[in-house]
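The numbers here are math on the coordinates, done by the rules we state, and not lab data. Quick caveat, the model's predicted, so the values are computed rather than measured. Quick reminder, even Gly has a Cβ in these numbers, built from the backbone with ideal geometry, and neighbours come from all protein chains shown.
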Amino acid sequence: MAQHQVDRALDTVDAAMRQLRTAMRGIPARREGFKSHHDATAKAVAKLTVALEDSRAAIKN
């Protein structure tokens with residue numbers, strides 16, 4: 001995966017998480033455990049994002 005692909009992937013993930021945050025505004029946060037699922041997903045995406053950022057050094061253009 002080239003660095004520009006990493007950049008695009010990170011931009012796409014960032015946009016999706018912003019869209020999710022906007023969508024969350026209309027949902028009761030504690031409804032049927034949705035908040036816990038959201039939190040777990042947000043943490044997993046954050047870990048993925050950090051791992052992708054850290055992998056830049058290993059990726060050659």
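When each of Val6, Val45 is tested for being in contact with a Ser or Thr (Cβ under 9 Å, 6 or more places away or on another chain) and either loosely packed, with under 11 Cβ neighbours inside 10 Å or of a type outside the set (S, T, N, Q) (or both), the lone residue that passes is Val6.
On the stretch given as the range 1-53, residues that are touching a Lys or Arg at 6+ places or on another chain (Cβ under 8 Å) and in a helix (DSSP H, G or I) total 2.
For the range 17-37, the candidate set comprises residues that are in contact (Cβ under 8 Å) with a residue 12 or more places away in the chain and under 11 Å from the mean Cα position of the chain (by Cα); within that set, the residue that is surrounded by the most Cβ atoms within 10 Å (Cβ to Cβ) is Met17. Of all residues being among the charged types (D, E, K, R) and within 11 Å of the chain's Cα centre (by Cα) in the range 38-61, which is nearest to Gln5 (Cα to Cα)? Just the residue, please. If we take residues in the range 38-61 being among the charged types (D, E, K, R) and within 11 Å of the chain's Cα centre (by Cα), then Lys47 is nearest to Gln5 (Cα to Cα).
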